[in-house]
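What follows draws every value from the coordinates through simple rules; no lab data is involved. All values reported here derive from a predicted model rather than from experimental measurement. All Cβ positions, even for glycine, are placed from backbone atoms using ideal geometry, and neighbour counts span all protein chains on display.
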């Protein structure tokens, strides 16, 4: 029953791969409202994994990138695993993104967002994404997982025009996982 309620909170028109990712996350076993990182990895959908990022969240201003999928590494032209996630975002949106991610891990809740990514050429790429909490008993931090919905057209430019930073970011829809959403 809970999965039905959660699934109903995704708005119509949500990208099919985001829906698939959310449905997988919703199907995972859990105690409380959030599945574990270990349960996520047990049967993670292979076709979606290249577009996944996992971060450990210590505070709204300190987040470390734990894992970045291969497609995202290719888009960026480097593997920033271990980097401070917040430094990949422009100063303009860093604080609001950090607060939203902190809400995801502390409430817990989830959100759909649009990340506007600036490429080295200056071209802007808008990327719909979802951010969900995961319980991680082995880290001294909370954990979030994001799925970035890039198209094949986006990927074909990756080799010649890599991503520079997240220039803009905005939540488009909060997802109530059973504990409410930020007011």
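Just a few scattered comments:
- Peptides 116-127, 71-82 ranked from most to least packed give 71-82, 116-127, packing being the mean of other C-beta atoms within 10 angstrom over each peptide's residues.
- Most simply put, the chain has about 95% antiparallel DSSP beta bridges, counting only bridges with both residues inside it.
- Residue order, fewest to most beta carbons within 10 Å, for 70, 36, 146: 70, 36, 146
- Counting only alpha carbon atoms, the long axis of helix 91-106 and the longest principal axis of the chain meet at about 20°.
- Helix content alone sets the calculated 222 nm mean residue ellipticity of the chain: runs of n ≥ 4 DSSP H residues at -39500 (n - 2.57) each, divided across all residues, give -8000 deg cm²/dmol.
- Separation in nanometres of the label points that stand 7 Å from Cα toward Cβ, at residue 126 and residue 33: 2.9
- Here the stretch 81-126 and the stretch 61-80 have alpha carbon centers that stand 12 Å from each other.
- Which of 54, 145, 114 has the fewest Cβ neighbours within 10 Å, and the rest in rising order: 114, 54, 145
- Helix 16-27 axis, angle to the chain major axis (alpha carbon atoms, nearest 10°): 40
- Annotation: extensible slack from residue 179 through residue 91 equals 28.7 nm (criterion: 0.36 nm per residue apart, minus Cα-Cα distance).
- At 0.692 mPa s and 37 °C, Stokes D of the chain from Kirkwood alpha-carbon radius, µm² per second: 200
- Here the simple spin-label model places points 7 Å from the Cα toward Cβ, and for residue 83 and residue 15 these points are separated by 1.9 nm.
- Full-extension gain in nm, residue 41 to residue 118, via 0.36 nm per residue minus C-alpha separation: 24.7 nm
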